[in-house]
Amino acid sequence: MTTDTRPDGTATGTTEIREPTPFSAESVAPVLVTTERPPRPSALTASLAFGWRAVLKIKHVPDQLFDVTAFPVMNLLMFTYLFGGALAGSPDDYIQFVLPGILVMSVVMITMYTGVSVNTDIDKGVFDRFRTLSLWRPSIMVGYLLGDALRYTIASAVMLSLGMVLGYRPGGGVQGVLAGVLLLLVFSFAFSWIWTMFGLLLRTEKSVMGVAMMVIFPLTFLSNVFVDPRTMPGWLQAFVNNNPITHLASAVRGLMAGRWPGAEVAWTLAWAGLLLLVFGPVTMRLYSRK
Amino acid sequence: MNQPTPAPAVETAGLVKTFGGTRAVDGVDLVVPTGTVYGVLGPNGAGKTTVVKMLATLLRPDGGEARVFGHDVVRDADRVRSRVSLTGQYASVDEDLTGTENLLLLGRLLGHGRRAARERAARLLDAFGLAEAAGKQVKQYSGGMRRRIDIAASILNTPDLLFLDEPTTGLDPRSRNQVWDIVRAVVAQGTTVLLTTQYLDEADQLASRIAVIDRGKVIAEGTKGELKASVGAGSVLLRLRDPAQRPRAAEILRRALDAQVQHEHDPVALTARIGASSTATAAERAAGALAELARLGITVDNFALGQPSLDEVFLALTGHGADGPTPRTATPGTTAGPAGTTTTTGTERTA
Ligand SMILES: Nc1ncnc2c1ncn2[C@@H]1O[C@H](COP(=O)(O)OP(=O)(O)OP(=O)(O)O)[C@@H](O)[C@H]1O
Ligand SMILES: [Mg+2]
């Protein structure tokens, strides 16, 4: 930290950047002459630009990767060794069953950070600037989700690598694993629109987290992520069997094991479509009103 | 579209915005001619930001109409967006990103190709004296540099109408002058600028027409000259050597300046508000008064001539003072007396 003294005598102790070279109106005038105004960007270009912004934010504030890696790793270790012996005889057997499930659970859980980033960004001036641009309006939200897709991919890669170390051997090979991760990303992309909605709807980041927990915990635990639903009472089975997370977990588990669970994949995609159709427009309506 | 005369840059009629129970903007009528700087002057909470946000399509009006270049800000929002840009009161760039990244992002969002966006970003950073800081995160910038990157972002595509919401609040005099220079350069290229400010001297420096708003209403509108005539030419602050001479000095000032004279708490200080009607300028008349005081043997330690402060404008226009912060001191150019005594009066007067 250097303390500079500006020509007018005020000290600037808080910044390491020296005041820039003096500039004049003459230097500004020439850059203003360009009246060329390109046509507005396509929906894809705009979304990718916002996605790039999200990636830059990860680059500049890498702490946010901690949430998406440490938490899944903790989940994986905890559940494998806590339940493994009791539920499947040994952690080694259990991990074959539980890893895809925990992967699903962890990634679905970290989708809530989308809502948190929307919520913390929305009151900043830069949001106002984005909103005064002539753009395909959902592109900013899609941008968040693209950045988040990168986080989900990182989280998946970390968990799968650790899983392999712990003894996980996917029967579907590289292809099966990639197909499973891809399906998970598609579902998470659609699911995240719930959080963009809450990010815009709720006042504080804390309330977004609170609501997210209340939705995600029952949804992930009351599913087939940890155990086969056949051991559950009938009324609970009714819920668990129709839970989108159950479909997703079965589909991912199947793909990674080298089976082709057509019905479960179809159910998962149908749920994803439904979530997108409902929460996408609601989010955009809230965004326009903001 | 085939209007006989080109539409004004901004035209509002009975514009209203309410937040809960408060009418933040309460029936504002404005006409901003193209190609000029239009100043919107008002204290904290007057409704300046709310007006600008409605014009920039960020807030939906609750009543009345607003058109920008003839396009309705609600029905034709996208057309309006393609022609305006906004430098908000608070940083409207991403503080986590570097200067270059911010401008690149905006370049892409404005439809430039990758190469064009990169070139434009580099040129702008250069022109604004930010080349050295281009790779640093904006959150490390000083206040003046932030304002500059903010304005650079707003003119990435030279807009037809630029909104500047309190562009110099919180800046030191040097940075403020730089911002003023930029505004002048922007206007010289044909862009219309709508500028909000709390400082009369800023509006005076830049704007050709000024609207004064208070509590959501326009309380005065006109050219600078018209506005000043309604307020008075300014005021002088005197500090005498000997408190005992104050009553006599007050009497002389009253006669020489045709002004209301007020006694400050400080037993040697006097303030006189100069009326606007006379033929001589405020400076000439103040000089005359000083000569008269000297002739009568009254020693003046310190003397300052200030423009009417915002507080005085409000006092003159509404009968109540502005509730805002201490108005800024007079511009150096209007100050006489020893360096460092650039205080205007009015603010120091206790109610
Ligand atoms: N989002 C909001 N919700 C509720 N009240 C608001 C909101 N925005 C502004 N207000 C209120 O509206 C009034 C006008 O606010 P505005 O920000 O337009 O004033 P301003 O002239 O820009 O003031 P300043 O000089 O402090 O920036 C204030 O009383 C403010 O409290
Ligand atoms: Mg404001």
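The values are calculated or read from the model by the stated rules, or taken from the named source; none is laboratory data. Note that the structure is a prediction, hence the values are computed from the model and not measured. Note that we place each Cβ from the backbone using ideal geometry, even for glycine, and neighbour counts take in every protein chain shown. The area values use the complete protein model at the heavy-atom level, side chains included, leaving out ligands, DNA and RNA. Shrake-Rupley method; radii C 1.70, N 1.55, O 1.52, S 1.80 Å.
Give me the number: length gained by fully extending B:Asn44 to B:Glu95, i.e. 0.36 nm times residue separation minus the C-alpha to C-alpha distance, one decimal in nm.
Fully extending the segment from B:Asn44 to B:Glu95 adds 15.9 nm.
Report the full-extension gain for the segment B:Arg60 to B:Arg75: residue separation times 0.36 nm, less the Cα-Cα distance, to one decimal in nm.
On the way: separation 15, 0.36 × 15 = 5.40 nm, distance 1.03 nm.
The span from B:Arg60 to B:Arg75 would gain 4.4 nm if fully extended.
Counting heavy atoms of the protein chains only and a 1.4 Å probe, report the per residue accessible area for the protein assembly as shown as a whole number of Å².
Heavy-atom accessible area per residue stands at 42 Å².
Tell me the Rg and the Dmax, in Å, that the Cα atoms of the stretch B:157-287 produce.
19.0, 63
Rg over Rh of the stretch A:141-267, using C-alpha atoms and the Kirkwood radius, what does it come to? Can you show the working numbers first?
Numbers: Rg = 16.0 Å, Rh = 16.1 Å.
We get a ratio of 0.99 for the stretch A:141-267.
Report, in cubic angstrom per residue, the convex hull volume of the C-alpha atoms of the stretch A:153-202. Write out the running numbers ahead of the final one.
Values: hull volume 4.0 nm³, N = 50.
It comes to 79 Å³ per residue, whole-number rounded.
Averaging over all projection directions, find the projected area of the Cα convex hull of chain A and quote it in nm² with one decimal place.
20.8 nm²
Starting at 0 and stepping by 10 Å, how many percent of the alpha carbon pairs of the stretch B:1-136 end up in each bin?
Pair shares across the bins are 11, 32, 28, 23, 6.
Enumerate the calculated ³J(HN,Hα) couplings along the stretch B:143-157 in order (Karplus 6.51 cos²θ - 1.76 cosθ + 1.60, θ = phi - 60°), each rounded to whole Hz, writing x wherever the residue is Gly or Pro.
x, x, 5, 4, 4, 5, 5, 4, 6, 4, 4, 6, 10, 4, 9
Apply the Karplus parameterisation 6.51 cos²θ - 1.76 cosθ + 1.60, with θ equal to phi minus 60°, to every residue of the stretch B:246-251 and state each ³J(HN,Hα) to the nearest whole Hz, in sequence, with x for glycine and proline.
4, x, 5, 4, 4, 4
Under a 5 Å amide H to amide H cut-off, with H placed in plane at 1.01 Å, what residues pair with B:Val40 once short-range neighbours are removed?
When sequence neighbours closer than 5 places are left aside, the close amide H contacts are B:Leu195, B:Thr196, B:Thr197, B:Ala211.
Computed over the Cα atoms of the stretch A:65-207, what is the ratio Rg over Rh, Rh following Kirkwood?
1.07
Under a Cβ-Cβ cut-off of 15 Å, what is the net charge of the residues other than A:Ser156 that fall near it, where Lys and Arg count +1 and Asp and Glu count -1?
0
Rounded to the nearest angstrom and ordered from largest down, what semi-axes does the equivalent ellipsoid of the protein assembly as shown get from its C-alpha gyration tensor (root of 5λ)?
Semi-axis lengths for the protein assembly as shown are 62, 25, 23 Å.
Within the stretch A:32-76, which residues have the backbone N less than 18 Å from the label spot 7 Å out from B:Arg115 along Cα→beta-carbon, could you tell me?
A:36-39
Pull up all non-local amide H partners of B:Lys17: gap of 5 or more, or a different chain, and H-to-H distance under 5 Å with H placed in the peptide plane.
Result for B:Lys17 returns B:Ala24, B:Val25, B:Asp26, B:Gly27, B:Asp62.
Could you derive backbone 3J(HN,Hα) for the stretch A:186-192 from the dihedral phi with the Karplus parameters 6.51, -1.76 and 1.60 (θ = phi - 60°), listing whole Hz in sequence and x where the residue is Gly or Pro?
Result, rounded to whole Hz: 4, 4, 5, 4, 5, 4, 4.
For B:Lys217, what accessible surface area do you get with a 1.4 Å probe? Give it in Å², rounded to 10.
Around 100 Å² of this residue is reachable by solvent.
Please list the three semi-axes, largest first and in whole Å, of the ellipsoid equivalent to the stretch A:223-276, using sqrt of 5 times the eigenvalues of its alpha carbon gyration tensor.
19, 15, 8
Non-local amide H neighbours of B:Asn302 (under 5 Å, H modeled in plane, Pro and chain starts lacking H): which ones?
Here the answer is B:Arg239, since their amide H atoms fall under 5 Å of that of B:Asn302.
Work out the count of Lys pairs in the protein assembly as shown where the Cα-Cα distance is under 23 Å, with the pair 8 or more places apart or on different chains.
Count of close lysine pairs: 26.
Let me know the whole percent of all Cα-Cα pairs from the stretch B:10-228 that are separated by more than 26 Å.
Numbers: 8226 of 23871 pairs.
Roughly 34 percent, rounded to a whole number.
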